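Q: Mind having a look at this structure? Questions to follow.
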Amino acid sequence: MVCSASMMSSPTVQQRSTFTPRIQIKSRALKASPRSSRQVTRALSDTNLIISGATGLSLALGRFVFLDFQRDNVRRQGLPEQNGIPYAEAGDKLSEEASFLKSTNDPAGFNLIDVFAWGAIGHVLGYAALAIISLNSLGVNPAPKF
């Protein structure tokens, strides 16, 4: 005799509890649910293209447009000082920058910290663009009214 899940049933189990005198547990036959619709997965959706485009644009702007401006501002600010002495010269070993974060093979000096910073800015701009598109599709004007 062949047994299947629809033919099997478990015996009634009785348990004593302080809240209920008897609990009856019965298993139900497993039924396969028919698929109502087939889900289609696309490799490049509009969301992927917007986030990737905004991040790529932000990284390109950071590398080719704003890198010299940012480096000049850091150079003008200088290292943090206390009583006219930089922290590293005063003996604070933890104030020195990690060398692996600043090393790069890029000729302009675009390093890991720059990639993280400009990539985060690109993601923010991409999600802002998605929010504006979503609001416009709902009929809401996201522009501020002065």
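The values are calculated or read from the model by the stated rules, or taken from the named source; none is laboratory data. None of the values given here were measured: they were computed from a predicted structure. Glycine also receives a Cβ, built like all others from the backbone with ideal geometry; neighbour counts cover every protein chain displayed. Heavy atoms of the whole protein, side chains included, go into the accessibility calculation; ligands, DNA and RNA do not. Shrake-Rupley method; radii C 1.70, N 1.55, O 1.52, S 1.80 Å.
Q: Along the Cα→Cβ direction, 7 angstrom out, place labels at S52 and A120. What is the inter-label distance in nm?
A: For S52 paired with A120, the spin-label model returns 2.4 nm.
Q: Peptides 107-114, 39-46: what's the order by average Cβ count within 10 Å, highest mean first? Could you put the intermediate results ahead of the total?
A: Working: 107-114: 13.8, 39-46: 6.9.
Listed from highest to lowest mean packing, they are 107-114, 39-46.
Q: Check Y87: other-chain or 5+ apart residues with amide H under 5 Å from its amide H, H built from backbone geometry?
A: Result for Y87 returns Q82.
Q: Could you work out the relative contact order of the stretch 60-146? I mean the mean sequence separation of Cα pairs under 8 Å and 6+ apart, divided by the number of residues, in percent.
A: Relative contact order for the stretch 60-146 comes out at 17 percent.
Q: Now a separate question. Please list, in order along the stretch 44-59, the HN-Hα scalar couplings obtained from phi with the Karplus expression 6.51 cos²θ - 1.76 cosθ + 1.60 (θ = phi - 60°), rounded to whole Hz, x for Gly and Pro.
A: 10, 8, 4, 5, 4, 5, 5, 5, 5, x, 5, 5, x, 5, 5, 5
Q: Going 7 Å from the Cα of F69 toward and past its Cβ, which residues in the stretch 96-116 have a backbone nitrogen under 20 Å from where you end up?
A: Residues passing the 20 Å test: 108-111, 113-116.
Q: Among K102, K93, what's the order by accessible area (1.4 angstrom probe), most exposed first? Display every interim value, and only then the final one.
A: Values: K102 100, K93 145 Å².
Ranked from most to least accessible, the order is K93, K102.
Q: L61 to A143: extension gain in nm, 0.36 nm per residue of separation minus the Cα-Cα distance? It would help to have the intermediate numbers written out before the result.
A: Working: separation 82, 0.36 × 82 = 29.52 nm, distance 2.54 nm.
So the extension gain works out to 27.0 nm.
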